[in-house]
1. Net charge within 9 Å of A146 by Cβ-Cβ distance, Lys/Arg positive one each and Asp/Glu negative one each, not counting A146 itself?
2. Please sort 79-85, 62-68, 159-165 by packing, taking for each peptide the average over its residues of neighbouring beta carbons within 10 angstrom, highest first.
3. Largest first, how would E134, E118, E145 line up by accessible area (1.4 Å probe)?
4. What accessible area per residue, rounded to a whole number of Å², is obtained for the stretch 60-155 using a probe radius of 1.4 Å?
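The values are calculated or read from the model by the stated rules, or taken from the named source; none is laboratory data. Treat the numbers as computed from the prediction; the structure is a model and nothing was measured. Glycine gets a Cβ as well: all are built from the backbone with ideal geometry, and neighbour counts include every protein chain shown. Each accessible area value is taken on the protein alone, full model and side chains, heavy atoms only, with ligands, DNA and RNA left out. Shrake-Rupley method; radii C 1.70, N 1.55, O 1.52, S 1.80 Å.
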Amino acid sequence: MISSMTTEGGARPRNRVPSDTRSADAGPPGAAPLFDAVPLPSRVPSAALSLLRTARHGLAEAEVEGDPGTRYICAHLAALRAAAAIVAARGEPGSGARRRRPRSVWELLPQVEPALAEWAAFFAAGAAKRAAAEAGLPRAASPQEADDLLRDASTFLTVAERALGVESEPMLPLRSAS
């Protein structure tokens, strides 16, 4: 879960017995520990975790939004933040002494996580539609397109969390029970 991350970005250990400290009920020295040591996932930078949280909140906002254009914008931005989390965690490729032109996260994602190249192409193709919706064009996104993108962005966020070794923490729906 994102909420179980420490401020340094690593997950809290679960069922782990440190090798240098043993409790009295852990058994005699040299005996196998009562709990299996669970390897800790690689550290995830706090900036990446923050982007994942923001993406999750963006999806929750999109879920309750009535306007298809705004729902499309929220869903696309959530996917963008999930991709940015992966790029932030993996480090920008080719970042050296030379400054390059600014590049889209959709260009960077396949370089840092090649398995997500199709996702990057898919969301990059929707950027113009999001820009049209942001410009206030009334028919920029249909209700069906907004719903489809919301579903796809939700799936992509889960894929991004798994790629970073972070457990998904689904948001509760914001709609009232009435």
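1. Once all neighbours under 9 Å are counted, the net charge is -4.
2. Most protected by this proxy first, the peptides run 79-85, 159-165, 62-68.
3. The ranking, largest first, comes out as E118, E134, E145.
4. Numbers: 5220 Å² over 96 residues.
It amounts to 54 Å² per residue over the stretch 60-155.
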